[in-house]
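The block underneath contains the structure these notes are about, expressed in structure tokens.
None of the figures in this text is laboratory data; all of them are computed from the coordinates on show. Please read these numbers as outputs of a predicted model, since none were measured by experiment. Quick reminder, even Gly has a Cβ in these numbers, built from the backbone with ideal geometry, and neighbours come from all protein chains shown.
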Amino acid sequence: MANRYLLLIIDAQKGIDEAQHWGGNRNNPNAELKINTLLKIFRDSNLPIIHIQHSSTDPNSPLKAGQIGHDFKDNCKPETGEVVIQKRTTNAFINTSLQENLIAFDADIIVIVGFVTNNSVEATTRMSGSLGFQSILVSDATATFDKIGLDGQIFPSELVHNISLANLNGEYATVLNTIELIDLIKSEIPS
């Protein structure tokens, strides 16, 4: 039987908290709470969950394996039976088993959350849509940081986040917030 929804959590790791490494001034400070809310709903509904863990090869990265930043955030840790896939690039499909796992779970809709909106989240969402997976990107369960332009101009994290979502919406995914997604899931799951 096909699974209607699958939750894909990207890089919910402690190293994301090192804001200065990523550009400082993070938006969506409650993204982890939204992810945790969705985790509870998916677990309570016995829907599949895949955790993506970035294992950087850069010695200066807070997401390098063997460092505390590589660990999953406490409120986003995988539980027994949930798939964990390690990646080494921004795109979670490159040189991983993600596509095979999505096919095996036979999910109709891939729900994407995590970090960083304009980096791994965007790269993975683009590939998901390009491969033909119907995807929902949850706007308030993702976050990013300020970005410095080529001319030194600082682009605020909220602007970077919104532009990334606008780039993805419609062509690669449907962008919803957590409440909209929960309402959609609850309308389809018998009580």
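Annotation: amide H-H contacts under 5 Å for GLY24 (H modelled 1.01 Å from N, sequence separation of 5 or more, or interchain): ASP146. Backbone geometry of segment 127-136 corresponds, through the Karplus equation with coefficients 6.51, -1.76 and 1.60 at θ = phi - 60°, to 3J(HN,Hα) couplings of 5, 4, x, 5, 7, x, 7, 6, 10, 10 Hz, x marking Gly and Pro. Amide hydrogen proximity for ILE136: with H placed 1.01 Å from N in the peptide plane, the residues at 5 or more positions away or on another chain lying under 5 Å are ILE110, VAL111, ILE112, THR174.
Just add up the charged neighbours of GLY23: K/R +1, D/E -1, any other residue whose Cβ is under 13 Å from the Cβ of GLY23.
Numbers: positive: ARG26, LYS147; negative: GLU18, ASP146, GLU158.
Cβ neighbours under 13 Å give a net charge of -1.
Taking amide H as placed 1.01 Å from N in the peptide plane, the amide H of ALA107 sits under 5 Å from that of ASN3, each at least 5 places away or on another chain.
Would you kindly state the longest site-free stretch of the chain, with sites defined as GluC sites (Glu not before Pro) in a DSSP loop (not H, G, I, E, B) surrounded by at most 11 other Cβ atoms within 10 Å? My reading of the result: 80-170 is the longest stretch. Per-residue 3J(HN,Hα) values for segment 20-25, derived from phi via the Karplus relation 6.51 cos²θ - 1.76 cosθ + 1.60 with θ = phi - 60°, read 5, 5, 8, x, x, 6 Hz in sequence order (x marks Gly and Pro). Segment 134-174 and segment 54-84 have Cα centres lying 23 Å from one another.
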